[in-house]
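Take a look at the structure below.
The values are calculated or read from the model by the stated rules, or taken from the named source; none is laboratory data. None of these values were measured; they are calculated from a predicted model. So basically every Cβ, Gly included, is an ideal-geometry build from the backbone, and we count neighbours across all protein chains shown.
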Amino acid sequence: MRYQLVVCLAMVFFGPWSVAVQAAAPLSEATRECIDCHASVTPGIVGDWRSGRHAAMTVATALAGQQNTRRISATAIPARLSKVAVGCAECHTLRPGRHADTFEHNGYDVHVVVSPRDCAVCHAKEDAQYAQNLMSHAYGNLHDNTLYRQLQVSVIGAAQLENRVLTFRPAGEKTRAEACYSCHGTRLTFQGLETRETDAGEMIFPKIGGWPSQGVGRINLDGSRGACTACHPRHGFAIEMARKPATCRQCHVGPDVPAFKIYAASKHGGLYAALGGHWDFTAVPWIVGRDFSAPTCAACHVSLLADDDGEVIAPRTHRMNDRLPWRIYGLVYAHPHPKKADTRIIRNREGRPLPTSLGGEPASAFLIGALQQEKRRQAMQAVCRGCHSTSWVNGHWKRFENTIGQTNASIKLSTTLMQRIWRSGAAHGLAAGVNPFDEAVEKAWTEGWLFFANSTRFAAAMAGGGDYGVFANGRFQLSRRLSELAVRADAAARCKP
Ligand code: HEC
Ligand code: HEC
Ligand code: HEC
Ligand code: HEC
Ligand code: HEC
Ligand code: HEC
Ligand code: HEC
Ligand code: HEC
């Protein structure tokens, strides 16, 4: 250990990598030491961190800001963190007893995976809200739901032929981590320590299963859920990044979750593409009409928006469902938003872990009621009214909710046909106790609700219609799957013994 420190200090004072510490705010002794080495070990990390506000500001300066301009929400922050920049040690040595990956690193108890609970020391409100966002539950919502796991196996499972029949075996850990769980997030596990040779000699590091992963619902080594870095990538943590749609594109790009493609093809997306270069993506609060003239994903779903006089148009929320009356992502129908972000608890009338029955009846005990829906509708519409008149917004909303009804009706018909095919024995589904998603005809049914009904609804919600609701991935394809299912159901009925 002493040898490594000597090597490191030698590098700092005499070595070619010697880098002057240039942060605008004073650094803690510990962070100074981290940087002395890491400026040469991981220069990308140090440079990126320097570009952000964590390097530029102390907590005490940040706390002095006015309510709507202040970028930290915690009020009681430990004194030792208050007079220094938020440096390497301030994040990577927080709450050392809580992290399974804490390891002795050059005299400090460091952990690699800085979790939402760590950020909460200064950003308490964001963490508490995010915990009630579906995203923070994205791991369990998929992994612990028997039906969704069958869907998972039918998509990423290893295919094999058994007696000329195609079947799927569950995928291994590596495949899962880079397929479904690259967005939903993995479960991290501590797998002991290992010794590695480094530029500064031999060092000991933790081995972490399921890592790397920046999925939104990652299960962390302190038991917390999520990765703030999904939208605030390290180490710049720039608000500009979170406000630009490219950040969300990584996961919301379809064809099952097509928000980004639809946004890019919408008028709002067009305005962003043509004029976004002139907008201010760093101002807090974000002034509608002055800082930007058309919304990005963040503006409609998250941002604190205000007018020129500082009057709040919409408060910021990391609990994004504050502005979502519906769940337009079909499972298999669109439905009122779930009451809780943990959807594992939902049971439909048939006792299955789905928010609607296969006939389309919502599992109402687990979903929000009409009053709460209206409150959230108002919250989203307040955003629109920053730039549109009430009649524009109401006209848009009537078409959108009409499309929810129309697409649900198409899915009801296709599901009725699918059920006839199952009953005929031409395909084997839930009643037979097997995977309802893995046969050819079942895939046609799945495409209907998962791709085309979804695209049609997303286009209605976020673009006022357009091609993703018609020919690009919408009503045309949905009706074609319906025709296929009708032919298959008819054939199954004729062939029935
Ligand atoms: C004596 C030099 C030295 C000092 C001082 C130092 N580090 Fe490191 N650190 C390293 C080296 C070398 C690595 C290994 C890089 C690699 O794996 O390529 C490393 C790796 C890490 C890792 C990644 C571990 C992993 O397994 O992925 C983190 C996190 C880290 N350091 C944080 C810190 C923090 C925080 C401080 C200050 C409290 C600090 N380091 C001080 C040299 C140092
Ligand atoms: C799904 C994307 C997403 C995730 C995940 C996310 N954020 Fe954010 N965050 C945003 C967006 C978008 C903004 C910009 C809000 C605005 O414009 O007012 C933001 C803004 C912020 C800000 C700036 C607040 C201010 O007053 O300027 C902080 C701090 C923050 N987030 C912390 C966190 C923390 C901590 C986590 C993890 C618990 C987290 N965020 C997770 C999207 C996200
Ligand atoms: C605001 C908190 C914060 C600060 C400040 C911070 N980090 Fe990190 N660091 C993180 C987060 C979050 C991650 C991502 C861990 C994960 O989710 O996998 C991370 C990851 C890392 C990793 C592993 C990344 C990789 O790609 O292998 C290293 C090494 C690291 N940090 C070093 C540093 C150093 C050096 C500094 C100071 C220049 C620093 N960190 C400052 C929060 C921070
Ligand atoms: C020790 C306190 C502290 C911790 C821990 C901390 N932050 Fe910060 N954060 C700050 C301060 C101070 C600012 C700058 C406030 C300002 O500019 O007024 C800031 C600003 C931000 C911003 C806004 C940046 C911008 O460009 O406007 C984001 C986003 C953010 N932090 C995310 C995170 C995330 C994610 C974590 C955990 C990985 C984290 N912070 C951990 C204190 C902290
Ligand atoms: C590219 C990123 C990404 C990948 C890869 C991904 N998903 Fe998702 N998933 C999402 C997003 C985004 C949502 C939320 C959509 C919405 O709410 O509109 C979601 C939501 C879900 C839900 C709803 C869960 C609930 O109860 O809230 C299920 C089920 C699901 N995905 C299954 C899967 C399966 C199975 C796989 C792998 C075959 C997979 N996903 C791969 C991004 C992804
Ligand atoms: C790393 C992947 C990832 C990124 C990046 C990401 N999301 Fe998500 N998002 C998901 C997944 C997965 C879900 C679904 C979780 C579930 O259903 O369990 C989701 C769900 C949502 C929901 C539904 C939330 C709710 O509570 O109903 C909204 C809205 C959303 N995302 C918007 C955004 C926005 C806006 C951004 C960018 C600022 C973004 N997401 C960035 C993966 C991501
Ligand atoms: C003009 C405002 C606006 C913009 C811009 C916007 N959205 Fe939306 N978004 C909406 C509306 C309205 C809904 C439907 C509300 C509901 O589901 O109750 C919605 C629904 C969603 C949903 C489905 C939530 C669910 O529970 O099924 C996701 C996910 C989503 N948006 C992500 C994004 C992403 C990612 C972007 C950027 C690429 C984006 N949105 C851009 C207004 C917007
Ligand atoms: C920051 C300002 C801003 C916000 C907020 C905003 N819009 Fe827009 N929107 C615009 C502008 C500007 C246009 C372009 C109008 C034109 O073509 O003359 C537009 C166009 C549209 C269009 C396209 C109409 C067409 O036929 O091309 C729809 C639909 C729309 N907005 C709906 C909404 C909805 C719904 C919301 C809220 C969920 C919303 N907008 C929020 C600025 C905004």
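Things worth noting here:
- For Gly433, the requirement of being at pLDDT below 95 and either under 24 Å from Arg494 (Cα atoms) or assigned by TED's automatic domain parsing to the domain that holds Ala259 (or both) is met.
- Total residues in region 341-362, condition in contact (Cβ under 8 Å) with a residue 60 or more places away in the chain and not hydroxyl-bearing (Ser, Thr, Tyr): 7
- Restricting region 300-327 to residues that are farther than 13 Å from Arg376 by Cβ and within 16 Å of the chain's Cα centre (by Cα), the residue that is surrounded by the most Cβ atoms within 10 Å (Cβ to Cβ): Ser303
- Yes/no for Asp101 being within 18 Å of Pro212 (Cα to Cα), among the acidic types (Asp, Glu) and more than 16 Å from ligand 8 (Cβ to nearest atom): yes
- Boolean, Thr229 is within 15 Å of ligand 2 (Cβ to nearest atom), under 15 Å from His111 (Cβ atoms) and without any contact (Cβ under 8 Å) to a residue 60 or more places away in the chain: yes
The rows are residues; the columns are (1) closer than 30 Å to Gly87 by Cα; (2) in contact with a helix residue (DSSP H, G or I) (Cβ under 8 Å, 6 or more places away or on another chain); (3) at pLDDT 95 or above; (4) within 16 Å of ligand 6 (Cβ to nearest atom).
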residue: Met241; (1), (2), (3), (4): yes, yes, yes, yes
residue: Pro258; (1), (2), (3), (4): no, yes, yes, yes
residue: Trp286; (1), (2), (3), (4): yes, yes, yes, yes
residue: Arg290; (1), (2), (3), (4): no, no, yes, no
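- Restricting region 180-223 to residues that are of a type in the set (A, V, I, L, M) and farther than 22 Å from Tyr108 by Cβ, the residue that is farthest from ligand 4 (Cβ to nearest atom) is Ile219.
- From the list Val253, Val216, the one residue that fits, being touching a residue at least 40 places away in the same chain (Cβ under 8 Å), within 11 Å of ligand 6 (Cβ to nearest atom) and β-branched (Val, Ile, Thr), is Val216.
- Top-ranked residue in region 87-109 [being over 20 Å from Met57 (Cβ atoms) and part of a loop (DSSP other than H, G, I, E, B); ranked as farthest from ligand 5 (Cβ to nearest atom)]: Gly107
- Single residue of region 168-189 satisfying the filter (part of a strand (DSSP E or B) and crowded, with 17+ Cβ neighbours inside 10 Å) that is farthest from ligand 7 (Cβ to nearest atom): Phe168
- Within region 210-244, the set of residues being surrounded by 21 or more Cβ atoms within 10 Å (Cβ to Cβ) and within 16 Å of ligand 8 (Cβ to nearest atom) comprises Arg243 only.
- Checking Ala298 against (1) outside any loop (DSSP other than H, G, I, E, B); (2) away from ligand 2 (no atom under 15 Å from the Cβ), the condition it does not meet: (2)
- Cβ separations smaller than 9 Å between residues 6+ apart or across chains give the following pairs from region 129-145 residues that are under 10 Å from Ile219 (Cα atoms) to residues that are aromatic (Phe, Trp, Tyr): Ser136/Tyr130; Ala138/Tyr181; Tyr139/Tyr181.
- Enumeration of residues in region 384-431 that are farther than 22 Å from Asn454 by Cβ and assigned to a loop (DSSP other than H, G, I, E, B): Arg385, Gly386, Cys387, His388, Ser389, Gly425, Ala426, Ala427, His428
- Highlighted here are the helices (runs of 4 or more DSSP H) found entirely within region 28-68 that include at least 2 residues which are surrounded by fewer than 16 Cβ atoms within 10 Å (Cβ to Cβ) and touching a residue at least 12 places away in the same chain (Cβ under 8 Å): 59-63.
- Selection status of Ala100, of a type in the set (A, V, I, L, M, F, W, C), surrounded by 13 or more Cβ atoms within 10 Å (Cβ to Cβ), at pLDDT 95 or above and in contact with a Phe, Trp or Tyr (Cβ under 6 Å, 6 or more places away or on another chain): yes
- Identification of helices (runs of 4 or more DSSP H) wholly contained in region 110-160 with 3 or more residues that are more than 14 Å from Ala179 (Cα to Cα) and at pLDDT 95 or above yields 116-119, 124-130, 146-156.
- Number of residues in region 116-171 that are closer than 28 Å to Pro336 by Cα, of a type in the set (A, V, I, L, M) and under 19 Å from the mean Cα position of the chain (by Cα) equals 6.
- Applying the criterion of at least 1 residues that are on the phi < 0 side of the Ramachandran plot, more than 16 Å from ligand 5 (Cβ to nearest atom) and not assigned by TED's automatic domain parsing to the domain that holds Ala460 to the helices (runs of 4 or more DSSP H) found wholly in region 196-280 leaves 239-243.
- Restricting Ala294, Ala341, Ala298, Ala314 to those that are of a type in the set (Gly, Ala, Ser), near ligand 6 (Cβ under 10 Å from one of its atoms) and in contact with a Leu (Cβ under 7 Å, 6 or more places away or on another chain) reduces the list to Ala341.
- Annotation note: of Gly466, Gly425, the sole residue that is assigned by TED's automatic domain parsing to the domain that holds Gly360 and either polar (S, T, N, Q) or closer than 24 Å to Arg494 by Cβ (or both) is Gly425.
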